[in-house]
Amino acid sequence: MKILVTGGAGFIGSHVADAFLATGADVVIVDNLSMGRRENIPQGARFVEMDITSDAFTQFLLDEKFDHINHHAAHMELRVSVDKPVHDAAVNILGSIRVLDGARRSGVQHVTLASTTAVLGEFLHMPATEEHPVNPIAPYGVSKRSMELYAEYERLTHHMSITTLRYTNVYGPRQNPHGEAGVIAIFLEKFLAGQTPIIHGDGRQERDYIHVSDVALANLIAFEQRVQGTYHICANSAASVLDVVGYLRTALGTSCEVHHGPAKAGDPARTRGSHDAYTARTGWRPIVPLHDGISSTVAWFTQRHETST
Ligand SMILES: NC(=O)c1ccc[n+]([C@@H]2O[C@H](COP(=O)([O-])OP(=O)(O)OC[C@H]3O[C@@H](n4cnc5c(N)ncnc54)[C@H](O)[C@@H]3O)[C@@H](O)[C@H]2O)c1
């Protein structure tokens, strides 16, 4: 099996590449390294530095003739998408169209797309199922929703085999601590550097955190079972920022300080998704409890911090 992982030098894509390599697949990674890092690229994968918005990428897909494309390359900073909607749309809409168009024209068997529960906008009921209304409130959610709609068009019109997986808040080793998303990685990096992270608001806002190894397995299953349609990949449990800080303190064995700042405008009080549909369809369910996942994430970041200082 010849498998392409776009964004495979990034956080989630590199774990997905690991999962496919473990099955003995021939894995190729395309990434422009705008956010990804060479050290994330798993041994055994072939790396091609390329931009998914380029004509060269379309030609690459036609030449290589992959069996499967797993699409994780994206612009994914929600607040940046507000300031730079053209860039966000170029990568997330036009780049994704290139993936789908190239996949169809080169005879790819199955495509899996990484989407986000940010397409839902404000959570009106929880846990949010796939029937939840879709009302994205930032360009990032709009561009990801556009990708989903292009996928539905390809599925209906050209009978392409496509899974779209919407994640909640993914965390784990290799997450970029310098982005705007990923409170666990951001706080952890600050604690290890002896700095004091700022909690926006009282810290009681709750999020649905899912470990990256569970997400990688969901991607593997999407291909193996040729799952069709859109599914939520989440833990169906909610933890507050204060809970996360508590787990980080326990794992680090120190009472790290935090400061509180003003709440961010538009920050929802609570988000939580339902994975019941994907569990019913595939048998997949998340297996890493948050406190265990945070412990192993702390171990990874600590080791990296020690080797870099
Ligand atoms: N991290 C999360 O909590 C989360 C939640 C929901 C959805 N997602 C989705 O999962 C995917 C991966 O997210 P991540 O957290 O691993 O982010 P990431 O930034 O670590 O990975 C994205 C990768 O895409 C690459 N990339 C960006 N633009 C590119 C381009 N034009 N051409 C080629 N490569 C390009 C980056 O260099 C990076 O390596 C994204 O599609 C994101 O929208 C992530």
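Readers should treat all values here as calculations from the given coordinates under stated rules, not as data from a laboratory. This is a predicted model, so every value here is computed, not measured. All Cβ positions, glycine included, derive from the backbone under ideal geometry; neighbour counts span all protein chains shown.
Points to keep in mind about this one:
- Anisotropy class of the range 17-68 from Cα gyration tensor, a/c 1.5 cut: oblate
- DSSP bridge pairs, the chain: antiparallel proportion in percent, nearest 5: 5
- Efficiency of FRET between residue 157 and residue 280 - r from beta-carbon atoms, R0 22 angstrom, step 0.05: 0.20
- Alpha-carbon Debye profile of the chain, log10 I(q)/I(0) at 0.10, 0.14, 0.16 Å⁻¹: -0.53, -1.07, -1.41
- Histogram of C-alpha separations across the range 1-143, 5 Å bin width, %: 2, 10, 19, 20, 19, 14, 10, 5, 1, 0
- Given +1 at the Cβ of Lys and Arg, -1 at the Cβ of Asp and Glu and no other charges, the dipole of the range 252-295 around its Cα centre is 240 debye to the nearest 20.
- The phi-based Karplus calculation (6.51 cos²θ - 1.76 cosθ + 1.60; θ = phi - 60°) puts the 3J(HN,Hα) values of the range 225-239 at 9, 6, 5, 9, x, 10, 9, 8, 10, 7, 8, 6, 8, 10, 10 Hz, whole numbers, x for Gly and Pro.
- Prolate/oblate/rounded call for the range 220-306, Cα gyration tensor, a/c under 1.5 rounded: oblate
- Within the chain, helix-based [θ] at 222 nm, where runs of 4 or more DSSP H residues each add -39,500 (n - 2.57), nearest 500: -12000 deg cm²/dmol
- Signed unit charges on C-beta, dipole axis of the chain, positive-most listed residue 143, 273, 197: 273
- Assigned charges on the beta-carbon of Lys, Arg, Asp, Glu; the chain dipole about Cα centre (debye): 120
- Across the chain, C-alpha contacts under 8 Å between residues 6 or more apart give a mean separation that, scaled by the residue count, equals a relative contact order of 17 percent.
- Ranking of 292, 55, 88 by count of other Cβ atoms within 10 Å, fewest first: 55, 292, 88
- Projecting the Cα atoms of 300, 165, 115 onto the charge dipole of the chain, computed from C-beta unit charges around the Cα centre, puts 165 farthest toward the positive end.
- Inverse mean reciprocal Cα-Cα distance (Kirkwood Rh) of the range 105-196, Å: 15.5
- Amide H partners (placed H, <5 Å) of residue 169, local residues excluded: 208, 210
- Relative packing of 228-240, 68-80, 169-181, which averages over residues the other C-beta atoms within 10 Å, highest first: 68-80, 228-240, 169-181
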